Amino acid sequence: MDVKETYYSLVTRNLTINDIDLVIGLKSECKAENNYEYFYLTNLLIIDIYINANLYTDALNIAYKNFDDLDKSLYTNIYVSLLERLIYICIQKKNFLSACRYANEKRLYLDINDKNAVNRWYLEMAYIHDALNEKTKALSDLNAILENDPSSDLRLIVLNNITKLYIDNKNIEYSKKYLNDSIELAYKLNDMDSQTYCQYLNAKLYVLEGKNHYACKLYYDIFRGQNLLNDEYLGYLNEFLTLLNEMKEYGDAKKLANKYIDSANKTEDLYLKKDFYKNYLQAIIFLVPSLSDEIKRNYLYIDKIEDEIRKTNELITLESSEDDKISQINSKLKETIDRLEKITNIVNYALIAKNERECLYDFSKNLEKEVNFNNAVFVVFNRATFNAYPKFLDSYSKVSTFEYKKERMYEREINYTDLNNTIIEMVVKGNKDISIDFSETKVPVCDIITGKSYLDLKVKYLYATPFIYDNDLYACAVYTSNNVDITKQESVVTLKIANSLLESKLVNLYYQESLRTQKDILEVAMDGLQEGLYYYDVKRKKIFLSEQMKKFLGVTRDEVSEADYCQIIKQEDIKGFLSRDDEISAGKKYMLEYSITINDEEILLQDKGSPYFSKNGTVSFYICTINRILSNETVLKKEKMKYLSVLERKDLDEYLLKKVDDSFALLVIKLDEYDNNLFEILYHYCLGISNDLYYLNSNIYALVIDSSDERAIDHYANDIISKISNCKVSVVMYPKMFNNISQLIELALLSLNSKLRYQKLDDAILSKYNQSKYISNCIKKAINDNEVELLFGPLYCMEKLKGYYVDYNIKGITNSNNIKTSLEKNDRVEFDTFVIEKLLELNKYFYVDISLDTILWMKKNDYINERNMLKFRKIAFCITKFSSQLDNIIDYLTKFEMKVFVSLSIATDISFKTLVSDAIKGVLVLDDYDLNSEFIKFILDHNKLIISDNYENDNRYIFFDGKMYNDIKNINEKD
């Protein structure tokens, strides 16, 4: 079994401490497979095992570690489950302050539309506040539940707790009010335990009113027939014994205590045991005048209990203190790690930029949020030291400066001589960080941009640092502030880390670009023996010659213009040579044949060019090789041209599995389904790029490009978008962006749902994909275990029940809307058909949201036919997504006399002819919408029904009764 199957098999078992090694083994497998979702779920299993074994300290240690490591944005549901366990453990360890802290954290993740979850949280907080002796807050929590439409069972619990709080506060008026409500609801629900608790509360209320005899009668009723008492009843008994002693009924108190002394001895609650023996001692002291052995024994036993309580309290205090210290240490450590991650992310974010200006701008803008400086200046001395292009760039006699101020970046060039008496001169000479507080040191140093003294500019604080590569200074940065002290240790540490990271990133920006260029040049140069190699600058139409090429042509110049080069090309071949401009403008490779004349000798050449893409995806220059053709045979283009084969999805699956050890990019292109000419454009564009084009599904194609160069891939994707109107492109780089090759196609297809025409796989899409997989697993488990709870809201017309709108409650899924939006096609079909089969078993009329994929599956598999169509007529299908196939789908359903409704969100997309036809019976408006709008009136004028959750007293409306979420029942309940 894989880790998922193993996990779900463990979840269904009643695990004990003896199973801990089995679960730890699964955790190791998850770690080995980098399956962090099930790694954290397995940790929750381990925590639960320790909790069930009362090993709360061990459970807490694991929970703390997970709390610090878990990515709560990616695994939100697991994070909330972890918080719930932390709250429970802290309550059990009587560390209520920590429990309160985690409960407040949990609140941030509550779905405010999930009333049950919100009410459970308030009940939890009420218990914690009561334990902290914050009675007013506890009362406020309980009242919040009453105002949030709780279930009847929860309402009863809340009423009981409110009554108890008012009794403890000696508020007789409110105690009576809430007690009467509690008693009425307890008998209505036939809840025996609550009825007993109400009797107990009533007895306490009688005591509060001074009606002790009435209270005694209720207490005797509570204990009638009771032999061995649990802790709850033992608490009632202690209060009854106290009352009897206050009434001087010592004999009755002693008799009652003797009856339940075994229950008192068995309890593990030391406070209950202590109160019991104090009441018992008080009774026997007044019954026995002299100091008997029994009295002595009880005195000693009470002392022993109090000593145990004292030790327990000390242990609880010590453990709570240690737990809080661990929590604080972990919290501080997490803050430090978060801060470091923020700084790292600032630089990583800057690295995404396409050039140094954008890089420095993004870096400064994000760093400004962490260190509150007013101005940042970056000085770059010489990029040419990193340049591997053969004399492409001129050497600069000036230095480049980039000044960041108020979210703007100013780029300037200044002379080296202008560095005199500036902070830059100090950095260059010292070759180390400089930190200045101008209020303490009046250093007459100048600003590089204005040439003015920092003292004149009213700058108070300055921090400057050099950027070093290979022991040489190549740039530096200067930060200044007019008010906030950026020379403090915390700010300096942040600046040091950020600048150290930026230092290496700038080296990457300059140096790695050169390495990439050299690699591309080498690959082209090694592609066959050549007479020479040259570089073609696309913008300037300049040709830069290698030494070998200069020797071959017999020239001494390093560069020539394209026009000069054409002078040696045979006259009739010049047009063919210049025809390469079409390939160059498209960023494609080219291959030409032409003859040149050198020293009166005509030489036939083969010229092959390969584009080099800059960071922004545009063609920067071409790397070209020259080969002498020794015979007069010409190389026919037709023989060299690639012809694409269009293959199926299964062929792509097989092909990708063979490339598990390669690096490549998967491009998925979605064409406009209404334009049949687009495929022809795509096909011809892909000639020369790839051997195969894959057909995935309706108007969606895939292309595999054997390249790990993201900029080259960007170029291809943007080129496709520019050449093909109404298309979208998504890209997944393997293994750079995602390393599970079996899921690449799914992720690329999911990326197509972006609003952008070109979408690369990012964290947001991955998160959505993981959520979809999680929801899919929850639903599959619910279906397999037959645990899909169907909920329904009644729909009325003129107070007459017309049917039910179907909703779902599935364990692990907080929002039923996620079922409709997150499931993949096959999973949604399986879920829809499962729900329909369940509904067909019930003799009611239903309105059901259904996906278009499900209806198409039904049509393909003859799911509804003339033999069974009668049983489907009590289900109205509600279509909430538009498709070009909608008319065909509606025709299919109406063929079997099915009732079809559409949502308001797609009603405006449907053709007028379809909307007013008899095929559509009405429109679904299950959200906040003006039912008096012109569009609604238009629909009603064509005798359509409006299903709405807004109440309207009109016989043309079918509507919810306004209490759908209050009155939801299990679908199996009778009306």
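Residue check: is D69 at pLDDT below 85, out of contact with any Lys or Arg (no Cβ under 9 Å at 6 or more places or on another chain) and open to solvent by 30 Å² or more (accessible area, probe 1.4 Å)? Yes: the conditions hold for D69. The residues of the stretch 847-861 that are farther than 24 Å from D785 by Cα and part of a strand (DSSP E or B) amount to a single one, Y847. Pairs linking a residue in the stretch 899-920 that is open to solvent by less than 80 Å² (accessible area, probe 1.4 Å) and outside any loop (DSSP other than H, G, I, E, B) to a residue that is of a type in the set (S, T, Y) and modelled with pLDDT under 65, with Cβ atoms under 7 Å and 6 or more positions apart or on different chains, are L904/Y929.
Would a scan of the stretch 701-709 turn up a residue that is modelled with pLDDT of 85 or more, β-branched (V, I, T) and closer than 19 Å to L756 by Cα? Checked against the condition, which is being modelled with pLDDT of 85 or more, β-branched (V, I, T) and closer than 19 Å to L756 by Cα, the stretch 701-709 yields no hits at all. At least 3 residues being within 30 Å of N143 (Cβ to Cβ) and among the hydrophobic types (A, V, I, L, M, F, W, C) is the threshold, and among the helices (runs of 4 or more DSSP H) wholly inside the stretch 30-121 those reaching it are 76-92, 96-107.
Could you tell me whether L55 is open to solvent by 40 Å² or more (accessible area, probe 1.4 Å), out of contact with any Leu (no Cβ under 9 Å at 6 or more places or on another chain) and of a type outside the set (V, I, T)? Taking the combined requirement at face value, the residue satisfies it. With respect to the conditions (1) open to solvent by less than 60 Å² (accessible area, probe 1.4 Å); (2) under 25 Å from I813 (Cα atoms), E5 falls short on a single one, namely (1). Checking V484, V478 one by one, the residue that is modelled with pLDDT of 85 or more, assigned to a loop (DSSP other than H, G, I, E, B) and not charged (D, E, K, R) is V484 and no other. Applying the set (1) crowded, with 16+ Cβ neighbours inside 10 Å; (2) in a helix (DSSP H, G or I) to V704 leaves exactly one unmet item: (2). When the stretch 77-88 is filtered for residues that are open to solvent by 50 Å² or more (accessible area, probe 1.4 Å) and not charged (D, E, K, R), the ones remaining, listed by number, are N77, Y88. Among residues that are under 26 Å from F276 (Cβ atoms), in contact with a helix residue (DSSP H, G or I) (Cβ under 6 Å, 6 or more places away or on another chain), open to solvent by less than 70 Å² (accessible area, probe 1.4 Å) and not hydrophobic (A, V, I, L, M, F, W, C), Y178 is not included. Looking across the stretch 649-671, just one residue is open to solvent by less than 10 Å² (accessible area, probe 1.4 Å) and out of contact with any strand residue (DSSP E or B) (no Cβ under 6 Å at 6 or more places or on another chain), and that is L656. For D21, the test of being charged (D, E, K, R) and part of a helix (DSSP H, G or I) is passed. Within the stretch 446-464, residues that are part of a loop (DSSP other than H, G, I, E, B) sit with their Cβ atoms under 6 Å from residues that are crowded, with 18+ Cβ neighbours inside 10 Å and of a type in the set (S, T, N, Q), at 6+ positions apart or across chains, in these pairs: I448/T422; V459/T480. When Y40 is tested against (1) touching a residue at least 24 places away in the same chain (Cβ under 8 Å); (2) buried (at least 19 other Cβ atoms within 10 Å of the Cβ); (3) over 24 Å from N777 (Cα atoms), only condition (3) is not met.
Applying the criterion of being among the hydroxyl-bearing types (S, T, Y) and open to solvent by 40 Å² or more (accessible area, probe 1.4 Å) to the residues of the stretch 131-175, the residue that is nearest to L201 (Cα to Cα) is Y174. If the condition is being at pLDDT 85 or above and surrounded by fewer than 16 Cβ atoms within 10 Å (Cβ to Cβ), then the stretch 436-456 contributes D437, T450, G451, K452, L455, D456.
Does S754 meet the test of being under 18 Å from the mean Cα position of the chain (by Cα) and over 20 Å from Y75 (Cα atoms)? When the stated conditions are applied, S754 passes them. Residues in the stretch 430-453 that are farther than 18 Å from T487 by Cα and of a type in the set (S, T, N, Q): N431, T450, S453. Take the conditions modelled with pLDDT under 80 and under 29 Å from the mean Cα position of the chain (by Cα) and apply them to K881. Does it pass? Considered against the rule, which asks whether it is modelled with pLDDT under 80 and under 29 Å from the mean Cα position of the chain (by Cα), K881 comes out as yes. Restricting attention to the stretch 11-37, the residues being within 17 Å of N777 (Cα to Cα) and buried (at least 16 other Cβ atoms within 10 Å of the Cβ) number 4.
Out of the residues in the stretch 678-700 that are among the hydroxyl-bearing types (S, T, Y) and modelled with pLDDT of 85 or more, state the one that is surrounded by the most Cβ atoms within 10 Å (Cβ to Cβ). Here the residue is Y694. Scanning the stretch 187-231 for residues that are open to solvent by 50 Å² or more (accessible area, probe 1.4 Å), of a type in the set (S, T, N, Q) and part of a helix (DSSP H, G or I) gives a single hit, Q199.
Only strands (runs of 3 or more DSSP E) whose full extent lies in the stretch 538-650 are considered here, and none of them has at least 2 residues that are modelled with pLDDT of 85 or more, in contact with a His (Cβ under 6 Å, 6 or more places away or on another chain) and basic (K, R). Taking the conditions (1) at pLDDT below 80; (2) open to solvent by less than 30 Å² (accessible area, probe 1.4 Å); (3) farther than 30 Å from T618 by Cα in turn, E490 satisfies each one other than (2).
Out of N238, N245, N258, I need the residue that is assigned to a helix (DSSP H, G or I), closer than 15 Å to V207 by Cβ and over 60 Å from the mean Cα position of the chain (by Cα). Which one? Selected residue: N245, the only one of N238, N245, N258 that is assigned to a helix (DSSP H, G or I), closer than 15 Å to V207 by Cβ and over 60 Å from the mean Cα position of the chain (by Cα).
Candidates N366, N372, N348: the one that is modelled with pLDDT of 80 or more, open to solvent by less than 70 Å² (accessible area, probe 1.4 Å) and either of a type outside the set (D, E, K, R) or outside any strand (DSSP E or B) (or both) is N366. Scanning the stretch 457-487 for residues being open to solvent by 50 Å² or more (accessible area, probe 1.4 Å) and either in contact with a Lys or Arg (Cβ under 8 Å, 6 or more places away or on another chain) or closer than 22 Å to V399 by Cβ (or both) gives a total of 8.
Based on what the data block shows, is A384 modelled with pLDDT of 80 or more and in contact with a Ser or Thr (Cβ under 8 Å, 6 or more places away or on another chain)? For A384, the condition - modelled with pLDDT of 80 or more and in contact with a Ser or Thr (Cβ under 8 Å, 6 or more places away or on another chain) - is not met. Here the condition is being out of contact with any strand residue (DSSP E or B) (no Cβ under 8 Å at 6 or more places or on another chain) and either farther than 25 Å from K135 by Cβ or acidic (D, E) (or both); of K188, K211, it holds for K188 alone. Determine if the stretch 406-413 includes at least one residue that is modelled with pLDDT of 85 or more and crowded, with 16+ Cβ neighbours inside 10 Å. Yes: one or more hits.
The values are calculated or read from the model by the stated rules, or taken from the named source; none is laboratory data. Being a predicted model, the structure only gives us computed values, none of them experimental. All Cβ positions, glycine included, derive from the backbone under ideal geometry; neighbour counts span all protein chains shown. The area values use the complete protein model at the heavy-atom level, side chains included, leaving out ligands, DNA and RNA. Shrake-Rupley method; radii C 1.70, N 1.55, O 1.52, S 1.80 Å.
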